[in-house]
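To keep things clear, I will list the structure first and then write my remarks on it.
The values are calculated or read from the model by the stated rules, or taken from the named source; none is laboratory data. These numbers come from a predicted model, not from an experiment. No Cβ is skipped: glycine too gets one built from the backbone with ideal geometry, and neighbour counts run over all protein chains shown. Heavy atoms of the whole protein, side chains included, go into the accessibility calculation; ligands, DNA and RNA do not. Shrake-Rupley method; radii C 1.70, N 1.55, O 1.52, S 1.80 Å.
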Amino acid sequence: MGRVDPDGDRMNVMSASDKERRAAMQRMKRLALGLLVFVAIVFVIARSFEDDHSWVGYVRAFSEAAMVGALADWFAVTALFRHPLGIPIPHTAIIPHRKDQIGESLGQFVQENFLTRDVLQERLAHADVGQRLGVWLSEPVNAQKAGAAVADALKGSLEVIDDRDVGSALEGMIERKVRSTPVAPLLGRAIDLAMEGGHHQRLLDAILTGMAGFLDDNRDGFRARLEEESPWWIPQPVDNRIFEKIYSAVHRFLDDVGGNSEHEMRRSIDARVQSFAARLREDPVLMAKGEELKNELLEHRDVRAWLESLWGEVKRTTLTATDDPNSELRQRLDLALVRLGARLRDEPELQQKIDDWVQRALGYVVDHYRGEVAEIISSTVEKWDGKATAERLELQVGRDLQFIRINGTLVGGLVGIVIHTVSQMLG
């Protein structure tokens, strides 16, 4: 037997535990029915011999009252779930007919007695959520599980959001930030930082090395150029000597500058670069030119295309990383969770912060949304089929309800003996 929806479709099949409950309930039903049949037979026999033996009257009274008690309790138990013998007697089949009211009452009961801030705080006060979470997360295996869950949540969020809205928002945010940041002072500060760290000297060394290589690679070209520019009346050997002098002088100059960190050329370059950096920070003309160049770059079609594609690239990269347990994102996430777990495990103050946060968060949820929980319960019960609901409830409590029938039989019989005894004494 499974629950049935309003359309009559079967919602689930009977589980193994439900089968055990049904078998136990059927055994108790047979026991209660067998006891009723037994006292009925005893009543018939006792009624036959009552005139010959006065003591048999007590047996007859017991069995007669036991039958009444058994039938009355059978009617009461059956009337909860269905019409007795299929007869539509008023105020029977209570659960199928009043399941909606039962669901509403159940929702209100849960809301008023379980979903309260006091009950929740009393339960959480001794739960040690922060410490337990820290001990669990500090294990790398558990941190990997938590990291996978976080990655799945991130992936799900990325897949459902509107790319156009996010892309436009990201593009606008970057563009506004770039437009609001003066580029010339920023470049001047970058030059200052580069000079403070000596990075410009390494750049100059690279430039000098590159120039020397450029001269070597183009030696023949420079010689041919000199020959073209030289007057016709100058002999070629003279041209050769002039070229070698010039070529060697340039090479020696490059070698001197490259090999001497205190060379005058380097100091001159430092002074000029520092002066240019200062102008970038202070000169209105250079600042205006910087802003003009920046705006031209932002309006360039290639830059616009890059800004528009930025979110797509970020999303694709992130989705790929969330799917790969060995990606840098996942590894950093797992490591961060392990470190968080170690801190939670060892720092009582952090544990208390987590405990307080959990209590406040759940308290807020209970205060503002417990009505929705009650509505979920009542609306869910309302959707259930009445007959299937009665069968499900009977399956859960039916075995215990059969004891009512058995007890009714025995108690009714004892009451019958008492009544018979009193009538004999009064007679």
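Would it be correct to say that Ile95 is of a type in the set (Val, Ile, Thr), open to solvent by less than 80 Å² (accessible area, probe 1.4 Å) and not in a helix (DSSP H, G or I)? Here the answer is no, as Ile95 does not meet what is asked. When Asp283 is tested against (1) touching a Leu at 6+ places or on another chain (Cβ under 7 Å); (2) of a type in the set (D, E, K, R); (3) open to solvent by less than 40 Å² (accessible area, probe 1.4 Å), exactly one condition is not met: (1). Among the candidates Leu186, Leu203, Leu208, the residue that is within 30 Å of Gly290 (Cβ to Cβ), within 60 Å of the chain's Cα centre (by Cα), surrounded by 12 or more Cβ atoms within 10 Å (Cβ to Cβ) and free of Cβ contacts under 8 Å to residues at least 40 places away in the same chain is uniquely Leu186. Name every residue in the stretch 29-44 that is surrounded by fewer than 18 Cβ atoms within 10 Å (Cβ to Cβ), closer than 24 Å to Glu391 by Cβ and hydrophobic (A, V, I, L, M, F, W, C), in order of residue number. Answer for the stretch 29-44, where residues must be surrounded by fewer than 18 Cβ atoms within 10 Å (Cβ to Cβ), closer than 24 Å to Glu391 by Cβ and hydrophobic (A, V, I, L, M, F, W, C): Leu31, Leu33. I'd like to know if the stretch 69-92 contains one or more residues that are open to solvent by less than 50 Å² (accessible area, probe 1.4 Å) and either within 30 Å of Leu124 (Cα to Cα) or more than 60 Å from the chain's Cα centre (by Cα) (or both). Taking every residue of the stretch 69-92 in turn, none turns out to be open to solvent by less than 50 Å² (accessible area, probe 1.4 Å) and either within 30 Å of Leu124 (Cα to Cα) or more than 60 Å from the chain's Cα centre (by Cα) (or both). For Asp51, the criteria (1) under 22 Å from Leu401 (Cα atoms); (2) at pLDDT below 85; (3) of a type outside the set (S, T, N, Q) hold in every case but one, which is (1).
For the stretch 230-265, give me each residue that is aromatic (Phe, Trp, Tyr), over 20 Å from Ala206 (Cα atoms) and open to solvent by 90 Å² or more (accessible area, probe 1.4 Å). Within the stretch 230-265, Trp232, Trp233 meet the criteria. Taking each residue of the stretch 70-93 that is within 20 Å of Val415 (Cα to Cα) and looking for partners that are open to solvent by 60 Å² or more (accessible area, probe 1.4 Å) with beta-carbon atoms closer than 7 Å, six or more apart or interchain, yields Asp73/Ile404. The set of residues from the stretch 153-167 being of a type in the set (A, V, I, L, M, F, W, C), open to solvent by 50 Å² or more (accessible area, probe 1.4 Å) and touching a residue at least 60 places away in the same chain (Cβ under 8 Å) comprises just one member, Leu154. The condition of being farther than 22 Å from Leu254 by Cβ, among the acidic types (Asp, Glu) and open to solvent by 70 Å² or more (accessible area, probe 1.4 Å) holds for only one of Glu175, Glu171, Glu227, that being Glu227.
Consider Ala127 carefully, then state whether it is outside any helix (DSSP H, G or I) and either surrounded by 11 or more Cβ atoms within 10 Å (Cβ to Cβ) or modelled with pLDDT of 85 or more (or both). So Ala127 passes the test.
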